Amino acid sequence: MLRFTIRRLLQAIPTLFVLSVLVFAWLRSLPGGPATALLGDKATPEKIADLERVMGLDQPLYLQYFNFLGRMLSGDMGNSIISADPVLEEIGRALPATIELSVVALLIAVLLGIPLGYLSASYRGRFFDNATIMGTLAGVAVPVFFLGIVLKYIFAQELGLLPPSSRQDADIDATRVTGFATLDGMLTGEWDATVNALWHLVLPALALSSIPLAVIVRITRASVLDVLNEDFIRTANAKGLQAVVVRTRHVLRNALLPVSTTIGLQTGLLLGGAVLTEKVFVWGGLGSLLSEGIQRRDYPRLQALILLAAGVYVLVNLLVDISYAIIDPRVRTS
């Protein structure tokens with residue numbers, strides 16, 4: 001298993017290197033630039049040239065890239081052009097909010113998606129199956145930001161059942177330890193802060209989980225149906241094994257392989273959906289940093305955020321590969 005994990009990690013290095021080149025080239029190809037964005041209405045060709053010289057943006061692109069690469073390898077992603085703070089500090093402050101939202105959304109999608117997909121396959125052609133298929137079609141088709149706006153309008157503005165925005169109420173004087181609002185309340189014994197944070201998580205997490213939930217349900221259903229038609233399932237039933245043994249040991253275990261891959265892919269896509277969800281619910285995570293960085297052409301912040309997202313994606317897929325190897329040991333030797 002250790003050799004398998006090391007091999008997967010080594011395979012990720014060229015991927016991240018190529019991505020760093022593409023991100024660097026893409027940002028420099030955008031119209032305008034940091035100097036123009038910073039100067040705003042006061043921008044003149046002379047002022048733009050002076051500011052670009054100060055920021056090192058007048059150097060050849062290959063020199064700029066090697067400077068960026070050298071700083072990145074030493075753990076320095078540079079300072080934000082907007083706030084002048086180190087980019088890694090900015091990300092460290094905003095990251096817990098995005099992780100908290102994404103983890104809760106993924107838990108909703110996985111904990112509901114696999115059982116619903118399994119039950120849908122078990123009751124194939126019946127009302128429950130048809131209703132589940134229609135629900136998943138709606139879940140995939142409705143954009144996350146639109147669903148967020150609708151949920152916010154119904155449950156926050158019209159019914160007043162749930163908070164419309166932010167991570168906690170303004171009057172909650174919670175002690176910050178890790179930056180995770182729910183976890184901090186548990187660590188400090190401020191349970192009212194934890195309950196309030198969970199209450200604020202409901203709407204954005206439901207909106208963000210809609211597409212992964214629908215995809216996981218459909219993949220689980222299709223995978224379970226495939227396994228149910230296999231000869232070894234008929235053999236297991238003919239041997240008189242208990243139904244619960246056949247379902248858990250033979251059907252569910254074999255059906256989870258494609259589901260694991262789907263969960264890994266959906267985890268990466270959650271980060272993209274989190275940007276829009278955070279905007280709707282004024283969440284204050286990485287989505288806010290990314291949105292402001294694009295508007296102001298903040299190259300260091302954008303480079304760090306995109307590479308972070310890529311790193312998370314690679315890490316999640318590594319965990320999926322490891323889960324493959326655990327579920328099916330033949331994968332380790334392939």
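The table for this structure:
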| item | result |
| --- | --- |
| Cα-projected label distance for Thr178 with Ala243, points at 7 Å along beta-carbon direction, nm | 4.1 nm |
| Net charge, Leu10 excluded, C-beta distance under 15 Å - Lys, Arg +1, Asp, Glu -1 | +2 |
| Cα centroid separation - segment 232-279 against segment 30-86, whole Å | 46 Å |
| For peptides 259-271, 21-33, sequence by mean Cβ density within 10 Å, most packed first | 259-271, 21-33 |
| Choice from Ile133, Ile108, Ile233 showing the highest fluctuation, given a GNM over the chain with Cα pairs closer than 10 Å | Ile233 |
| Partner lysines for Lys279 [C-alpha distance under 16 Å; skip if fewer than 8 residues away on the same chain] | Lys152 |
| Computed over the chain: relative contact order in percent, which uses C-alpha pairs under 8 Å that are six or more apart | 27 percent |
| Label point distance in nm, Val18-Asp192, each placed 7 Å from Cα along Cα→Cβ | 5.5 nm |
| Highest-first arrangement of 215-224, 170-179, where packing means the average Cβ count within 10 Å | 215-224, 170-179 |
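Bear in mind that the values in this text are calculations on the coordinates, not laboratory data. Keep in mind that this is a model prediction, so the values were computed, not measured. Don't worry about glycine lacking a Cβ; one is built from the backbone with ideal geometry, like all the others, and counts go over all protein chains shown.
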